[in-house]
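Since the structure comes first, as structure tokens, the remarks are kept for the end.
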Amino acid sequence: MILKQGVRLLGVKPETVAAMIVANSIFQKREVPFVVTSVVDGKHRRGSRHYSGYAFDVRTRNLSQTHAIDVHKEMKDALGDDYDVLLESNHIHIEYDPKTGS
């Protein structure tokens, strides 16, 4: 795992660390660097789970569009319904967002 310069981890939650470990293993299988670009730092929308330590972003510029789509799907499958995994234009956003009963 590589942290982009300036990435802050103070306040990161265990659920986020667990997701980072899973995501890192997915990148390792593809022999692609796993670069975390934001955790509790940076500018995000109001109410973002980044600010509470429940979200992080991963760089995708080292993946082809096809591989980014594949990695996104594999992360969604591996992390399950308690995590939102969003493929953005230049990163994958992962956040712990458990769904309450049905």
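Here, the chain is characterised by an Rg to Rh ratio of 0.94, where Rg is the alpha-carbon radius of gyration and Rh the Kirkwood radius. Around Glu95, under 11 Å between beta carbons, what's the net of Lys plus Arg minus Asp minus Glu among the other residues? Net local charge, Glu95 excluded: -3.
Between His44 and Arg30, the distance separating the two model label sites (each 7 Å from Cα on the Cα→Cβ line) works out to 2.1 nm.
Bridging of Lys43 to lysines at a Cα separation below 16 Å is possible for Lys4, once same-chain residues fewer than 8 apart are set aside. For the chain, a simple Cβ point-charge model (Lys and Arg +1, Asp and Glu -1, everything else neutral) yields a dipole of about 380 debye relative to the Cα centre. Estimated at 0.36 nm per residue, the fully extended path between Lys4 and Ala78 surpasses their Cα-Cα distance by 24.2 nm.
Every read-out reported here was derived from the displayed coordinates using simple, explicitly stated rules and does not represent laboratory data. Predicted model only: the values in this text are computed from it and were never measured. For neighbour counting, all protein chains shown are included, and Cβ atoms are generated from backbone atoms with ideal geometry for every residue, glycine included.
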